[in-house]
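Chemist: Would you mind keeping the following structure in view while I ask a few things?
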Protein chains: 2
Amino acid sequence: MLVQKYKDMLSKKSVIRELSEFATARGKEIGYENVFDYSLGNPGVPVPQEFTDTMIKLLQEKDTSFLHGYSPSLGNTYVREKVAASLERRFGLPYKKEHIFMTSGAAGAIAHAVRLISQPGDEILTFAPFFPEYHPYVDLSGAVLKVVPPSFEDFQINFEKASEMMTEKVMAVLVNTPNNPTGVVYSEETLKKLADLMTEKSKKYGHPIYLITDEPYREIVFGGKTAPCVSKFYDNSIMCYSFSKSLSIPGERIGYLAVNPACEDAETFVYMCGQISRGIGHNCPSSIIQLAVAETLDMTADLSVYETNMNLIYNELVDLGLTVVKPDGTFYIFPKAPIPDAKEFSKKALEYDLILVPADTFGAPGYFRMAYCIDTEKVERSLPALRKLIKENY
Amino acid sequence: MLVQKYKDMLSKKSVIRELSEFATARGKEIGYENVFDYSLGNPGVPVPQEFTDTMIKLLQEKDTSFLHGYSPSLGNTYVREKVAASLERRFGLPYKKEHIFMTSGAAGAIAHAVRLISQPGDEILTFAPFFPEYHPYVDLSGAVLKVVPPSFEDFQINFEKASEMMTEKVMAVLVNTPNNPTGVVYSEETLKKLADLMTEKSKKYGHPIYLITDEPYREIVFGGKTAPCVSKFYDNSIMCYSFSKSLSIPGERIGYLAVNPACEDAETFVYMCGQISRGIGHNCPSSIIQLAVAETLDMTADLSVYETNMNLIYNELVDLGLTVVKPDGTFYIFPKAPIPDAKEFSKKALEYDLILVPADTFGAPGYFRMAYCIDTEKVERSLPALRKLIKENY
């Protein structure tokens, strides 16, 4: 007898996946180059040549047991040292290898972090709009994801609601900055206010409330700025990182969990991660990918296309009179639909071969997401369609 | 507050790991070449050149988004097709890609299989001696691992006890053949008898009892023989495979789960696996490793050294008068210690720089395991030490 909870998940098809399947089918009819597919957050830029060169060099020069042998259950020690040194250099916090655990992307890191600090029935707080996959990461651990409603004017944090919902049952707050789907980066002011609130509540309840930070878009920030380092603002914090976007290698499933060196029991955390991995049967990312990433840690793919695309789309949306917060980074933008029902709007957009994702599952009904990790040339061709969609209907 | 169950696991240090750490430390004193380390099942033979060549060719010739882009959550479709075709060709069962789910080795496959078919409180039956990591795979899912005592004379199955312990609570039987730690391959007779028993019990209880087969050693069988295909004997079976041993790439964490095409709901199984992955945050093995494995599916590393080593050790053990069942495959041998307390024996062996693993955690106290995946030259040098250990003490 198959377990019902997983069977039930099958019937709830992801809106994003349905739209993406529509785009593929429509592409077969009219040519995929004519479908303006803004549905998937699949990084489109090439992997840096240095990554490919490093892989080839490793394969040509190193012993196969070094390349493909078991890595320790916390990750390759040399790789963990390199990650820690890079974080220390970049953010000034005293990370050592003892604080680093190699994971299958940010997803693996978040799912581990949730299991580390919550029991079934405990609550994890996040802020809308939010990445819908947080639900399986949290729900299937037995904990409960509670979603604080959005602060629509700027997509920073709705602190009034956050304070209200940060009850004794809350064991962790999960934030995503730069944010999917809004593209907004939490300001230093927001992070400081959040830290103060969490410190106050931790004291009040007599147990730590951990800050889990989902940071796969950390290197995609516009205007030559950098995103504030969330962990600097709060000691009991767990950084979840992925190389999927920075190196454009999402299929390699590699990232890390970095426990704040100032966190209580910081080193125990990492050892416990190894135990969680034993239970789920997934130890470490690929050994050769770990080694290759260690040599290209501070590099990124050429991410400038995302800013170019953002400016094109943002200016067009503003020009069309749509309400939209200008993204600080990522490759997402999150406008308000011209009608209250964003699903209906998204359906209408399909008639113009525009694939836009209604944001109901992101916790912000009435809004839609565009993932502009596509060629600039295609973005340019999509703008007349967008204009037509708005002008002819709203 | 860190979750206690994972903290508790930290205090239960693995005997194998402790011994392996001792071996490393002792190696620093006297040179690692002088430590006869039979503790770890870490394949020592080189990766086939074809695997390395395939990896380099992929990196040199293919587009980076093809190589490193997201793979679908069930695994790369092309790879799943190739795996299914290979299984069909080799074993004559009509596998299609719909039956294949790519995993992080056999570990990931087993942990998924357990979660597919059991709820907290349900029982999973396995046969001693067994791979101790079955405990975390099962225990942390909430199900209960029940261990049928060994059939010491041949390390096939103790059917009297198996029948007694296969109660209504049992949802699956987990077998490992060729077996770690005994090296024994279950005979066709054993598999037929097991299938009959499971069919009878399934009927009696009115629910299927699934057969989960852990087969990472399938390609390491001695005397030019092959291991019987377990899935041929029982429809409701789930094959868990790893390329760790066949291609000598354990660090790449790649394998698959293959549901018997005759299994009820076979295709739903695979989709449900994708949902389990979402929950634990671990989607798919590395994309480039999937592609490389697809091109080297029916190859193996040169595994002949394991048979050479086995014969050397087996003959010596017999000559020394120890009770031992001759392995049919793998790179393990499982002799009876010359005294009832195998831990004490293993401790004494350390004085001779012999690292032997007492089998208490394998569910067979009084026995010990030798993992002979080391150089033949070292095996030869270890035999006088083994002889001395026995002659001087027992």
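Chemist: Collect the residues in the stretch A:129-149 that are in contact with a Phe, Trp or Tyr (Cβ under 7 Å, 6 or more places away or on another chain), among the hydrophobic types (A, V, I, L, M, F, W, C) and away from chain B (no Cβ under 13 Å), keeping them in residue-number order.
Modeler: Result: A:Phe130, A:Val147, A:Val148.
Chemist: What's the total number of residues in the stretch B:127-143 that are more than 13 Å from the chain's Cα centre (by Cα) and either part of a loop (DSSP other than H, G, I, E, B) or over 23 Å from B:Tyr332 (Cβ atoms) (or both)?
Modeler: Of the residues in the stretch B:127-143, 6 are more than 13 Å from the chain's Cα centre (by Cα) and either part of a loop (DSSP other than H, G, I, E, B) or over 23 Å from B:Tyr332 (Cβ atoms) (or both).
Chemist: Here is a check on your reading of the model: is A:Val357 crowded, with 24+ Cβ neighbours inside 10 Å and in the same structural domain as A:Glu18 (by TED's automatic domain parsing)? So that I can check it myself, show each step before the final result.
Modeler: Details: crowded, with 24+ Cβ neighbours inside 10 Å: yes; in the same structural domain as A:Glu18 (by TED's automatic domain parsing): yes.
Answer is yes for this residue.
Chemist: If the requirement is being within 30 Å of A:Ile288 (Cβ to Cβ), part of a loop (DSSP other than H, G, I, E, B) and within 12 Å of chain A (Cβ to nearest Cβ), which of these qualifies: B:Ser244, B:Ser277? Steps first, answer last, please.
Modeler: Details: B:Ser277 fails: part of a loop (DSSP other than H, G, I, E, B).
Going through B:Ser244, B:Ser277 in turn, the sole match is B:Ser244.
Chemist: How many residues, within the stretch A:260-269, are in contact with a Ser or Thr (Cβ under 8 Å, 6 or more places away or on another chain) and surrounded by 23 or more Cβ atoms within 10 Å (Cβ to Cβ)? First the steps, then the outcome.
Modeler: At the first step, the residues of the stretch A:260-269 found to be in contact with a Ser or Thr (Cβ under 8 Å, 6 or more places away or on another chain) are A:260, A:263.
Filter once more, so that each one left must be surrounded by 23 or more Cβ atoms within 10 Å (Cβ to Cβ): A:260.
Within the stretch A:260-269, residues that are in contact with a Ser or Thr (Cβ under 8 Å, 6 or more places away or on another chain) and surrounded by 23 or more Cβ atoms within 10 Å (Cβ to Cβ) number 1.
Chemist: How about the stretch B:317-347: which of its residues are outside any loop (DSSP other than H, G, I, E, B) and crowded, with 18+ Cβ neighbours inside 10 Å?
Modeler: B:Leu317, B:Gly329, B:Tyr332, B:Ile333, B:Lys336, B:Ala342, B:Phe345, B:Ser346 - these are the residues of the stretch B:317-347 that are outside any loop (DSSP other than H, G, I, E, B) and crowded, with 18+ Cβ neighbours inside 10 Å.
Chemist: Residues in the stretch A:1-36 that are of a type in the set (A, V, I, L, M, F, W, C), within 14 Å of chain B (Cβ to nearest Cβ) and either assigned to a helix (DSSP H, G or I) or touching a residue at least 60 places away in the same chain (Cβ under 8 Å) (or both): how many?
Modeler: Count: 3.
Chemist: Please enumerate the residues belonging to the stretch A:30-51 that are β-branched (Val, Ile, Thr) and buried (at least 20 other Cβ atoms within 10 Å of the Cβ).
Modeler: Our first condition is that a residue be β-branched (Val, Ile, Thr); within the stretch A:30-51, this holds for A:30, A:35, A:45, A:47.
Once the filter is applied, which keeps residues that are β-branched (Val, Ile, Thr) and buried (at least 20 other Cβ atoms within 10 Å of the Cβ), the stretch A:30-51 yields A:Val35, A:Val45, A:Val47.
Chemist: If you go through the stretch B:340-363 one residue at a time, do you hit one that is without any contact (Cβ under 8 Å) to a residue 12 or more places away in the chain and under 24 Å from B:Glu133 (Cβ atoms)?
Modeler: Yes, the stretch B:340-363 has at least one match.
Chemist: Among A:Glu264, A:Glu215, which is closer than 21 Å to A:Thr330 by Cβ and acidic (Asp, Glu)?
Modeler: Unique residue meeting the criteria: A:Glu215.
Chemist: Can you find a residue in the stretch B:361-383 that is among the aliphatic types (A, V, I, L, M) and modelled with pLDDT under 95? So that I can check it myself, show each step before the final result.
Modeler: Taking the stretch B:361-383 and keeping what is among the aliphatic types (A, V, I, L, M), we get B:364, B:370-371, B:374, B:379, B:383.
Restricting the remaining residues to those that are modelled with pLDDT under 95 gives B:374.
Yes: one or more hits.
Chemist: Next question. Go through (1) aromatic (Phe, Trp, Tyr); (2) facing chain B (nearest Cβ under 9 Å); (3) part of a helix (DSSP H, G or I) one by one and return the number of the condition A:Tyr78 breaks.
Modeler: The number of the failed condition is (2).
Chemist: Out of the residues in the stretch B:88-107 that are assigned to a helix (DSSP H, G or I) and over 28 Å from A:Gly279 (Cα atoms), state the one that is farthest from the other protein chains (Cβ to nearest Cβ). First the steps, then the outcome.
Modeler: We begin by selecting, within the stretch B:88-107, every residue assigned to a helix (DSSP H, G or I); these are B:88-91, B:97-99, B:105-107.
This time we only want the ones that are over 28 Å from A:Gly279 (Cα atoms), so: B:88-91.
Working: B:Glu88: 24, B:Arg89: 26, B:Arg90: 24, B:Phe91: 24 Å.
This residue is B:Arg89.
Chemist: Given the criteria more than 23 Å from A:Tyr210 (Cα to Cα) and modelled with pLDDT of 95 or more, does A:Ile289 qualify? Break it down stepwise before answering.
Modeler: Working: more than 23 Å from A:Tyr210 (Cα to Cα): yes; modelled with pLDDT of 95 or more: yes.
So A:Ile289 fits the description; yes.
Chemist: Show the residue pairs meeting these rules: Cβ distance below 6 Å; 6+ apart or different chains; first residue within the stretch B:129-154 and over 14 Å from B:Ala107 (Cβ atoms); second residue surrounded by fewer than 17 Cβ atoms within 10 Å (Cβ to Cβ) and modelled with pLDDT under 95.
Modeler: Listed pairs, sorted by first residue: B:Gly142/B:Pro120.
Chemist: Right, next: Among the residues in the stretch B:197-207, are any β-branched (Val, Ile, Thr), in the same structural domain as B:Phe130 (by TED's automatic domain parsing), at pLDDT 95 or above and in a helix (DSSP H, G or I)? Step through it out loud before you land on a result.
Modeler: Pass one, the stretch B:197-207, residues β-branched (Val, Ile, Thr): B:199.
Cutting the leftovers down to in the same structural domain as B:Phe130 (by TED's automatic domain parsing) gives us B:199.
Remaining after also requiring at pLDDT 95 or above: B:199.
Restricting the remaining residues to those that are in a helix (DSSP H, G or I) gives B:199.
Among the residues of the stretch B:197-207, at least one is β-branched (Val, Ile, Thr), in the same structural domain as B:Phe130 (by TED's automatic domain parsing), at pLDDT 95 or above and in a helix (DSSP H, G or I), which makes the answer yes.
Chemist: Here are the criteria: (1) assigned to a helix (DSSP H, G or I); (2) of a type outside the set (Phe, Trp, Tyr); (3) within 14 Å of chain A (Cβ to nearest Cβ). Tell me which single one B:Glu164 does not satisfy.
Modeler: Result: B:Glu164 passes all but (3).
The values are calculated or read from the model by the stated rules, or taken from the named source; none is laboratory data. From a predicted model like this one, the values you see are computed outputs, not experimental measurements. For neighbour counting, all protein chains shown are included, and Cβ atoms are generated from backbone atoms with ideal geometry for every residue, glycine included.
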